[in-house]
1. Being within 24 Å of residue 141 (Cβ to Cβ) and either in contact (Cβ under 8 Å) with a residue 40 or more places away in the chain or outside the structural domain of residue 147 (by TED's automatic domain parsing) (or both), is that true of even one residue in the stretch 94-101?
2. From the list 220, 186, pick out the single residue that is outside any strand (DSSP E or B), closer than 16 Å to residue 163 by Cβ, touching a residue at least 12 places away in the same chain (Cβ under 8 Å) and in contact with a helix residue (DSSP H, G or I) (Cβ under 8 Å, 6 or more places away or on another chain).
3. Filter the stretch 146-162 down to the residues that are surrounded by fewer than 20 Cβ atoms within 10 Å (Cβ to Cβ) and within 19 Å of the chain's Cα centre (by Cα), then identify the one that is farthest from residue 48 (Cα to Cα).
4. Hey, does the stretch 65-74 have a residue that's over 19 Å from residue 108 (Cα atoms), over 17 Å from the mean Cα position of the chain (by Cα) and in the same structural domain as residue 88 (by TED's automatic domain parsing)?
5. Checking the structure you have, find out if any residue of the stretch 32-42 is surrounded by fewer than 16 Cβ atoms within 10 Å (Cβ to Cβ), acidic (Asp, Glu), in a helix (DSSP H, G or I) and touching a helix residue (DSSP H, G or I) at 6+ places or on another chain (Cβ under 7 Å).
6. Take the conditions under 20 Å from residue 42 (Cβ atoms) and assigned to a strand (DSSP E or B) and apply them to residue 66. Does it pass?
7. Residues 90, 155, 122, 117: which one is modelled with pLDDT of 85 or more and closer than 27 Å to residue 203 by Cα?
8. Checking the conditions here, which among 182, 166, 227 is closer than 18 Å to residue 122 by Cβ and touching a strand residue (DSSP E or B) at 6+ places or on another chain (Cβ under 8 Å)?
Amino acid sequence: MAEGEPPTSETTLRDPALPDHGGHRQRLRDRARRGGISVLPDYEVLELFLFRSIPQRDVKPLAKALLSRFGSLSAVLSAPLEDMLQVSALDNKGRSLKMTPDIALDLQLMFEATRRLMAEPLKRSTVISSWQALLSYLRVTLAHEPREQFRLLFLDKKNQLIADEIMNYGTVDHAPAYPREIMRRALELSASSVILVHNHPSGDPMPSQGDIDMTKAIIAAGKPLKIAIHDHLIVGREGVLSMKQVGAI
């Protein structure tokens, strides 16, 4: 290039000693556009998302560290903020790349958008006719929760969903449920029936004797008020168990 000549696309090549983050990012975006995002492995899906949160850094190590820590893409996205913030990785220059509250919030927003998308079919039809959609929604929402969560689905006379509410958070193996509080809330919402839901962080959805006794107490509390307990669903990592179907209630 002659002295004073303006740089051109051919003469403004990057320093070969620097990492080609921009090139890698563009190649990954091009592959996603050509073949569809669905063909990408989980770590590359995470990379694409992290590109927006972390500019000008190699995010592949962090994407892989997140998957290694939590085990799956769904588990990464649904992980609690405090657990996400413990994850870090070294980039290709040996520099530390850490999760921050803003990055974690971006990932949690993706999870929340997915959860709301899966809840949409439940709002447009009866829960009974959308049973598989309900089970899928509950798996996304609760399968990777690190603590037990007791959730209530309130239904009207047509078995349409009135409200989906969290009653209590618990520990790794127990979430309290109070029959009188459940019935009070059902009356406030004019609900005709309730589906009880909780998760087992251990992964095994089989009900304990405590689960069975608690469910029977809630059923008994609802009878004089003519509020039925349609089912009690227990969510584990491998699926959702219906206590009614297994004869536990």
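1. yes
2. 186
3. Looking at residues that are surrounded by fewer than 20 Cβ atoms within 10 Å (Cβ to Cβ) and within 19 Å of the chain's Cα centre (by Cα), I get 149.
4. Narrowing the stretch 65-74 to residues over 19 Å from residue 108 (Cα atoms): none.
Looking for residues that are over 19 Å from residue 108 (Cα atoms), over 17 Å from the mean Cα position of the chain (by Cα) and in the same structural domain as residue 88 (by TED's automatic domain parsing), one finds none in the stretch 65-74, hence no.
5. yes
6. Considered against the rule, which asks whether it is under 20 Å from residue 42 (Cβ atoms) and assigned to a strand (DSSP E or B), residue 66 comes out as no.
7. Working: 90 fails: closer than 27 Å to residue 203 by Cα; 155 fails: closer than 27 Å to residue 203 by Cα; 122 fails: modelled with pLDDT of 85 or more.
Just a single option satisfies the conditions, and that option is 117.
8. Numbers: 182 fails: closer than 18 Å to residue 122 by Cβ; 227 fails: closer than 18 Å to residue 122 by Cβ.
Sole residue among the options that is closer than 18 Å to residue 122 by Cβ and touching a strand residue (DSSP E or B) at 6+ places or on another chain (Cβ under 8 Å): 166.
The values are calculated or read from the model by the stated rules, or taken from the named source; none is laboratory data. Source: prediction; values computed, not measured. Using ideal geometry, Cβ is built from the backbone for each residue, glycine included, and neighbour counts are taken over all protein chains shown.
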